[in-house]
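The values are calculated or read from the model by the stated rules, or taken from the named source; none is laboratory data. Worth saying up front: this structure is predicted, and the values here are computed from it rather than measured. Cβ placement follows ideal geometry from the backbone for every residue including glycine, while neighbour counts extend to all protein chains displayed.
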Amino acid sequence: MNYLDLVGTILSLIGTFYFIKADIKMWPVYILAILVNSILYFQYKMYASLVLENMYLVVSIYGWFFWKKTMKQNSAIIGRIENYQFIGLSILWFAMVLGIYYLMINFTDTSFPVIEAIAVSTSIISQILSSRKIIECWYTWIIADSVFIYLMISQELYFHGILFSCYLVLAIIGLLNWIRLRNINILNKEQQFT
C-alpha cells in the first residue's frame, strides 16, 4: 500500500468538501493535495496526471486570488458559461486531448494514453471553470471523475479509485448546491432592486 495514495485521497476529499460549500478554504487544502498527488503519480508513471496536478497548482493559486478578490467586492455570485466560451473551451478540450495523446504515445511509457488524455483534458477545463466560479464546472467534473475511476482502478490505485467515486457523488451534490446558491444570489439581487 502506498501511503501517499491515502494521504492524497484524504486531503482531496477535505478540499472537495469546502468546494461544494463554495468556501475559499478549498484552495490551500487542494494545494497540499496537489503536492502529495504529484509525487504519487510520478511514482506510478502517470505522466499526464502528473502534468495535470502541476496545472492544477497554477490554476489553484489563480483561483484562490480570484475568489479572494470577489469576496472583497462582495460578489459571491456563481456564474454561467456563455455560448462563445463553450465553443472556445470545446475546441481547447479537443486540441488538448489530441496533444496529450500524442505526447503520451511518443514520449512516455503510459499504459492508458487515450483515457488519460481525455481525463486530463476534461479536468483542465473543469479546473478553469472552477477557478472562475462557473456552475458548469460540475458537469465537466462529473465526466472527468467517471473516466478517472476507470483509470485509477486499472492502475490498482484503489484509494484513488474510491476517491474518484466519491468525487462523482460529490460533484452531483456540488452541482445541486451551487444551483441552490446561485438561485439564492439571484433572488437576493432581485429583492435589492424592488
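Any idea which of Leu50, Leu98, Leu151 is more than 24 Å from Ile173 (Cβ to Cβ) and surrounded by 15 or more Cβ atoms within 10 Å (Cβ to Cβ)? After applying the criteria, what remains is Leu50.
Here's the yes/no breakdown for (1) within 20 Å of Trp67 (Cα to Cα); (2) touching a residue at least 24 places away in the same chain (Cβ under 8 Å); (3) not in a helix (DSSP H, G or I):
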| site | (1), (2), (3) |
| --- | --- |
| Leu4 | no, yes, no |
| Thr9 | no, yes, no |
| Ile24 | yes, yes, yes |
| Trp27 | yes, yes, no |
| Val36 | no, yes, no |
| Ile39 | no, yes, no |
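For Arg80, the conditions (1) closer than 29 Å to Tyr3 by Cβ; (2) basic (Lys, Arg); (3) at pLDDT 90 or above are fulfilled apart from (1). Among the candidates Tyr139, Tyr102, the residue that is hydroxyl-bearing (Ser, Thr, Tyr) and over 27 Å from Leu11 (Cα atoms) is uniquely Tyr102. One residue alone among Ile162, Ile125, Ile149, Ile186 is at pLDDT 95 or above, over 18 Å from Met55 (Cα atoms) and not aromatic (Phe, Trp, Tyr), and that residue is Ile149. Quick check on Ser123: is it hydroxyl-bearing (Ser, Thr, Tyr), free of Cβ contacts under 8 Å to residues at least 40 places away in the same chain and in a helix (DSSP H, G or I)? Here the answer is no, as Ser123 does not meet what is asked. Condition check for Val147 on (1) in contact with a strand residue (DSSP E or B) (Cβ under 7 Å, 6 or more places away or on another chain); (2) under 20 Å from Gly8 (Cα atoms): one failure, at (1). Of everything in region 153-194, what is among the polar types (S, T, N, Q) and outside any helix (DSSP H, G or I)? Give them in sequence order. Selection gives Gln155, Thr194. Just one of the numbered conditions (1) closer than 18 Å to Ile124 by Cα; (2) touching a Leu at 6+ places or on another chain (Cβ under 8 Å) is not true of Thr9: (1).
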